[in-house]
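Following: one structure in structure tokens, then a few remarks.
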Amino acid sequence: MTDTSETIFDIRDIRVTFATPDGAVEAVRGVDMNVKAGETVAVVGESGSGKSQIMMAAMGLLASNGRVEGSVTYRGQELIGMPREKLNRIRGAKVTMIFQEPMTSLDPLYTIERQISEPLRVHGGLSASAARARALELLKLVHIPDPERRLKSYPHELSGGQRQRVMIAMALANDPDLLIADEPTTALDVTIQAEILGLLAELQKKLGTSILFITHDLTIVEAFADRVYVMQHGNVVEEGKTEDIFQRPTRDYTKMLLAAEPEGSKPPVPDTAPILLDANDVSVTFSMPSGFLSPRFELKAVQNVTLSLREGQTIGIVGESGSGKSTLGRALLQLLPSEGRVVYQGTPIQGFDRAAMRPYRRNLQMVFQDPFGSLSPRMTVGDIITEGLLVHEPQMTRREREEAATQALREVGLEPAVRNRFPHEFSGGQRQRIAIARAVVLKPTVIVLDEPTSALDRSVQKQIIALLRDIQARYRLSYIFISHDLAVVKALSDYTIVMRTGRVVEEGPTGDVFRAPASEYTRDLMEAAFNLKKVLSRQASARA
């Protein structure tokens, strides 16, 4: 039986500093934390509060310009300064980590099977066949569809949510003693989120695993954690039992976080508003490799989707990971080959190649789901934001471009002084804001937003929602808003489309869909989004 009074992970006076062109940046400023055996501890706070950097420092994974001071012990062993060879025997086996951005954590040259099998063979000593069997078992455990075929897939062939589930499978491979989960459900839709949380709870009960859960989603924290640390500006400002923090918070900052739920609604645009983007029977099919001497497998990612986006309208697209949401968004902007008909302001653009689409790119922008993967690591933030202006506004002077970048950064809540920093120096939420700034700086007419708030804490989500509303009203922008976060879709969209396995299962005015969903699938999504505690309790009863 697990001794729940034993502290297995102890953090004392941790300080993390980054050397930047603008001087030293203190990301963490003397933080104390601990995790007991079999306990779930949540660390919450706004984007950039330092919560992820504590764990990166503890695991010896800080960026090269980072420096750590203080003490981190795992079952009495000091991890700070531990030789890499000895540290490698602990991390990946006894202490594992689920990273926030799976696309940057998975090797693009390795199949999913090889990536899951490697820690099993290195730390578990399994044979190749045994490791493959365990990898398949883990993919089934995290509900990857068609797991046998997905073993042969590469990361770019999976959706964002599927990649995150692969990361979770890798972390669970060796039944760790401590699981550090950095936003592990950020890229997952609400139903899968509930399943994964239930899975982690089951693992904890069975193996006594301790979980250190870094998240901005307070709904998850309330349903899942035993204790909470609240961070702000690199400091812990409040800590305590979850019930006490949620029912009786003492700090104004904590109260603000708890009150920062997306609110309001968007009135529908009139039927007389001009149609900017019209899509009819859009389908996308991927040809996937199969076994040796076997025919290639065709995956129908999007099947016969029709929609019309009017000026000033926001269409929300929701559905499970792998339902085709992101693929549809890319197809509408001609970033993927597709069938059907797509018309932008009266011009059929279906089948346009890169050169033919170039005049339309300024007006048809996209904010991608994975900001770290879409931001060049070799470019400063200023260069990233002004790159589009160099292409589409070549007559602008350097000073004019810098002024435009400054305005765009301010619009997304970042200080202009960050222009000289690189993407790796920012938190996941800050990188997402940079990606939004890169899109809005061109003042397009249509923006496809693919999970633009998934990496953001609730308080920043409210700011981004207000920002997107303000920009939309000012410039009559139209959005296609792809998200698994139903609360955000409800607040921002005036029309909602629900997708499942590439098809539209329900659509209509947002108020109607949320008030009286017609399909059972939509009702399940709603319950998982707004009654997570109830869903987890039902799962636990079913397992018992």
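The values are calculated or read from the model by the stated rules, or taken from the named source; none is laboratory data. No experiment lies behind these values; they were computed from the predicted model shown. Note that we place each Cβ from the backbone using ideal geometry, even for glycine, and neighbour counts take in every protein chain shown. Ligands, DNA and RNA are excluded from the accessible area calculation, which covers all protein heavy atoms including side chains. Shrake-Rupley method; radii C 1.70, N 1.55, O 1.52, S 1.80 Å.
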Q: Being open to solvent by 60 Å² or more (accessible area, probe 1.4 Å) and among the hydroxyl-bearing types (Ser, Thr, Tyr) is the filter; apply it to segment 226-269 and report the residue that is modelled with the highest pLDDT.
A: Thr250
Q: Scan segment 419-450 for residues that are in contact with a strand residue (DSSP E or B) (Cβ under 7 Å, 6 or more places away or on another chain) and open to solvent by 10 Å² or more (accessible area, probe 1.4 Å) and report the count.
A: 3
Q) Arg165 passes all but one of (1) surrounded by 19 or more Cβ atoms within 10 Å (Cβ to Cβ); (2) under 26 Å from Ala130 (Cα atoms); (3) at pLDDT 90 or above; which number fails? A) (3)
Q | Subset of segment 196-207 (residues that are touching a residue at least 60 places away in the same chain (Cβ under 8 Å), farther than 19 Å from Val228 by Cβ and open to solvent by 10 Å² or more (accessible area, probe 1.4 Å)) | A | Glu202
Q | All helices (runs of 4 or more DSSP H) inside segment 437-544 with 1 or more residues being without any contact (Cβ under 8 Å) to a residue 12 or more places away in the chain | A | 458-475, 510-515, 520-530, 532-543
Q) When you go through Thr73, Thr96 one by one, which is the residue that is touching a helix residue (DSSP H, G or I) at 6+ places or on another chain (Cβ under 8 Å), surrounded by 14 or more Cβ atoms within 10 Å (Cβ to Cβ) and not charged (D, E, K, R)? A) Thr96
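One line per residue, one yes/no per condition, for (1) modelled with pLDDT of 95 or more; (2) surrounded by fewer than 18 Cβ atoms within 10 Å (Cβ to Cβ); (3) of a type in the set (Lys, Arg); (4) in contact with a helix residue (DSSP H, G or I) (Cβ under 6 Å, 6 or more places away or on another chain):
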residue: Pro337; (1), (2), (3), (4): no, yes, no, no
residue: Val343; (1), (2), (3), (4): yes, yes, no, no
residue: Pro371; (1), (2), (3), (4): no, no, no, yes
residue: Glu393; (1), (2), (3), (4): no, yes, no, no
residue: Thr397; (1), (2), (3), (4): no, yes, no, no
residue: Arg410; (1), (2), (3), (4): no, yes, yes, no
Q | Filter result for the condition that a residue is open to solvent by 30 Å² or more (accessible area, probe 1.4 Å) and hydroxyl-bearing (Ser, Thr, Tyr), over Ser64, Ser47 | A | Ser64
Q.
So Ile220 passes all but one of these: (1) in contact (Cβ under 8 Å) with a residue 24 or more places away in the chain; (2) open to solvent by 30 Å² or more (accessible area, probe 1.4 Å). Which condition number does it fail?
A. (2)
**Q.** Search result, residues across segment 511-530 that are open to solvent by 30 Å² or more (accessible area, probe 1.4 Å), closer than 20 Å to Lys266 by Cβ and of a type in the set (A, V, I, L, M)
**A.** Ala516
(Q) With the structure loaded, tell me whether Ala405 is more than 19 Å from Gly50 (Cβ to Cβ), among the aliphatic types (A, V, I, L, M) and in contact with a strand residue (DSSP E or B) (Cβ under 9 Å, 6 or more places away or on another chain) or whether it fails that test. (A) no
Q.
Residues that are open to solvent by less than 20 Å² (accessible area, probe 1.4 Å), free of Cβ contacts under 8 Å to residues at least 24 places away in the same chain and not in a strand (DSSP E or B): does segment 292-304 have at least one?
A. no
Q | Entirely in segment 1-109, the helices (runs of 4 or more DSSP H) that have 1 or more residues that are modelled with pLDDT of 90 or more and charged (D, E, K, R) | A | 51-58, 84-88
Q. Taking Gly508 and the conditions (1) buried (at least 17 other Cβ atoms within 10 Å of the Cβ); (2) at pLDDT 95 or above, which numbered condition does it fall short on, given that it satisfies the others?
A. (1)
Q. Could you say which residue among Ala455, Ala487, Ala466 is modelled with pLDDT under 90 and buried (at least 21 other Cβ atoms within 10 Å of the Cβ)?
A. Ala455
(Q) Based on this model, can you work out whether Leu120 counts as in a helix (DSSP H, G or I), under 23 Å from the mean Cα position of the chain (by Cα), closer than 19 Å to Pro176 by Cβ and free of Cβ contacts under 8 Å to residues at least 60 places away in the same chain? (A) no
Q: Working only within segment 116-135, note down all residues that are under 14 Å from Pro147 (Cβ atoms) and in contact with a helix residue (DSSP H, G or I) (Cβ under 7 Å, 6 or more places away or on another chain).
A: Ile116, Ser117, Arg132, Arg134, Ala135
Q: Using the structure shown, decide if Ser326 is of a type outside the set (A, V, I, L, M), at pLDDT below 95 and open to solvent by less than 50 Å² (accessible area, probe 1.4 Å).
A: yes
(Q) Residues that are open to solvent by 30 Å² or more (accessible area, probe 1.4 Å), assigned to a loop (DSSP other than H, G, I, E, B) and closer than 28 Å to Pro184 by Cβ: does segment 351-358 have at least one? (A) no
Q. Applying the selection to segment 338-376, what residues are over 18 Å from the mean Cα position of the chain (by Cα) and in contact (Cβ under 8 Å) with a residue 60 or more places away in the chain?
A. Gly340, Arg341, Val342, Val343, Tyr344, Gln345, Arg362, Asn363, Leu364, Gln365
Q. If you go through segment 3-23, how many residues are free of Cβ contacts under 8 Å to residues at least 60 places away in the same chain and over 28 Å from the mean Cα position of the chain (by Cα)?
A. 7
Q) For segment 374-388, what are the residues that are surrounded by fewer than 18 Cβ atoms within 10 Å (Cβ to Cβ) and part of a helix (DSSP H, G or I)? A) Asp383, Glu387
